[in-house]
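Peer 1: Before I ask anything, let me first share the structure, which is written out below as structure tokens.
Just so it is clear, none of the values below were taken in a lab; they were calculated from the coordinates. For clarity, every value in this text was computed on a predicted model and none was experimentally measured. Neighbour counts are summed over all protein chains in view; Cβ atoms, including those assigned to glycine, are modelled from backbone coordinates with ideal geometry.
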């Protein structure tokens with residue numbers, strides 16, 4: 001039930017859904033007959049505000065700024081010894097099942113492929129064993145891709161989780177009885193901070209390994225032109241920033257309950 005509610009709120013509140021709902025509400029107020037000037041003014045404010053928000057969130061410049069705000073973990077320094085016992089790579093994107101281009105084997109999409117690429121890179125550099133965590137089809141595709149595309153085996157397969165909280169809880173159930181409490185956690189740079197806190201709460205000592213960190217970029221005219229990529233970047237960053245706030249709220253609530 002909670003997972004379904006999260007998906008509904010994600011669709012309705014985050015772009016493009018949230019700004020479009022504002023614009024639709026404004027259009028409805030403008031079109032209503034018999035309402036006064038205030039109602040129409042409010043309608044125009046909602047309509048223009050929603051469209052302006054959608055435009056700004058779709059610009060690469062705003063997406064870049066939001067991503068930089070969400071990316072709070074530094075890059076992994078592989079020039080130093082990594083104090084960990086295993087690498088955990090998190091899922092986060094539905095795979096293509098029965099992909100014709102891979103002879104009917106499952107294949108991961110671009111976002112997840114980047115995580116697997118980096119996780120395999122770390123595994124080859126450190127020699128640490130790999131665990132993958134995600135939904136059933138997702139975890140299977142991750143294991144298949146690691147072996148087929150990167151020549152890296154998967155020692156542990158956690159295939160029950162549907163969100164980051166369950167990634168951490170089910171990985172803890174799988175790994176901690178084996179004495180594995182220190183992990184390298186591989187996920188998107190926007191997602192790393194929130195994921196790390198979930199895994200720490202589940203009893204792990206975490207070495208963050210964010211992938212896709214934003215570097216310095218020049219401000220050009222193209223940075224102000226809306227694009228689908230910019231909108232997707234803003235949506236992902238806002239999801240993580242809002243998730244941080246919600247996570248902090250529940251952590252404080254939990255602490256207060258224990259203090260009563």
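Peer 1: For residue 97 and residue 149 in the same chain, what is the full-extension length gain: residue separation times 0.36 nm, less their Cα-Cα distance, in nm?
Peer 2: On the way: separation 52, 0.36 × 52 = 18.72 nm, distance 1.60 nm.
The span from residue 97 to residue 149 would gain 17.1 nm if fully extended.
Peer 1: Sticking with this one: Kindly provide the helix-only [θ] at 222 nm of the chain, computed as the sum of -39,500 (n - 2.57) over DSSP H runs of four or more divided by all residues, to the nearest 500 deg cm²/dmol? Numbers along the way, then the final one.
Peer 2: Values: 9 runs with 148 residues, N = 260.
For the chain, the value works out to -19000 deg cm²/dmol.
Peer 1: In the chain, what % of DSSP beta bridges are antiparallel (nearest 5)?
Peer 2: For the chain, the DSSP antiparallel bridge percentage is about 5.
Peer 1: If you don't mind, another one. Would you look at the GNM of the chain, springs on alpha carbons closer than 10 Å, and say which of 194, 222, 96 moves the most?
Peer 2: Sorting by GNM fluctuation, first place goes to 222.
Peer 1: Let me ask something else. Which whole-number value in Å³ per residue fits the convex hull of the alpha carbons of the stretch 78-211?
Peer 2: For the stretch 78-211, the hull spanned by Cα atoms encloses 91 Å³ per residue.
Peer 1: Given the C-alpha centroids of the stretch 10-24 and the stretch 127-178, what is the distance between them in whole angstrom?
Peer 2: For the stretch 10-24 versus the stretch 127-178, the Cα centre distance is 33 Å.
Peer 1: Something else: Working from Cα positions, state the angle (0 to 90°, nearest 10) between the long axis of helix 136-150 and the longest principal axis of the chain.
Peer 2: Between the helix axis and the principal axis of the chain, the angle is about 60 degrees.
Peer 1: Based on the Cβ-Cβ distance of residue 78 and residue 44, what FRET efficiency does E = 1/(1 + (r/R0)^6) give at R0 = 51 Å, to the nearest 0.05?
Peer 2: Values: r = 55 Å, r/R0 = 1.07.
It comes to 0.40.
Peer 1: Compute the long axis of helix 17-31 from its Cα atoms, compare it with the longest principal axis of the Cα atoms of the chain, and write down the angle in degrees, 0 to 90, nearest 10.
Peer 2: Roughly 10 degrees between the two axes.
Peer 1: Grab every C-alpha pair in the chain, bin the distances at 10 angstrom width from 0 up to the longest one, and report whole percents.
Peer 2: Pairs per bin, as whole percents: 7, 25, 30, 22, 10, 5, 1, 0.
Peer 1: Please determine, in degrees from 0 to 90 and to the nearest 10, the orientation of helix 164-175 with respect to the longest principal axis defined by the Cα atoms of the chain, where the helix direction is its Cα long axis.
Peer 2: 10
Peer 1: Hey, what's the Kirkwood Rh for the stretch 174-260 if you take every pair of different alpha carbons, in angstrom?
Peer 2: About 15.6 Å, per the Kirkwood formula over Cα pairs.
Peer 1: Stokes-Einstein at 20 °C, 1.002 mPa s, Kirkwood radius from Cα pairs: D for the stretch 159-213 in µm² s⁻¹?
Peer 2: Working: Rh = 11.2 Å.
The calculation lands on 192 µm²/s.
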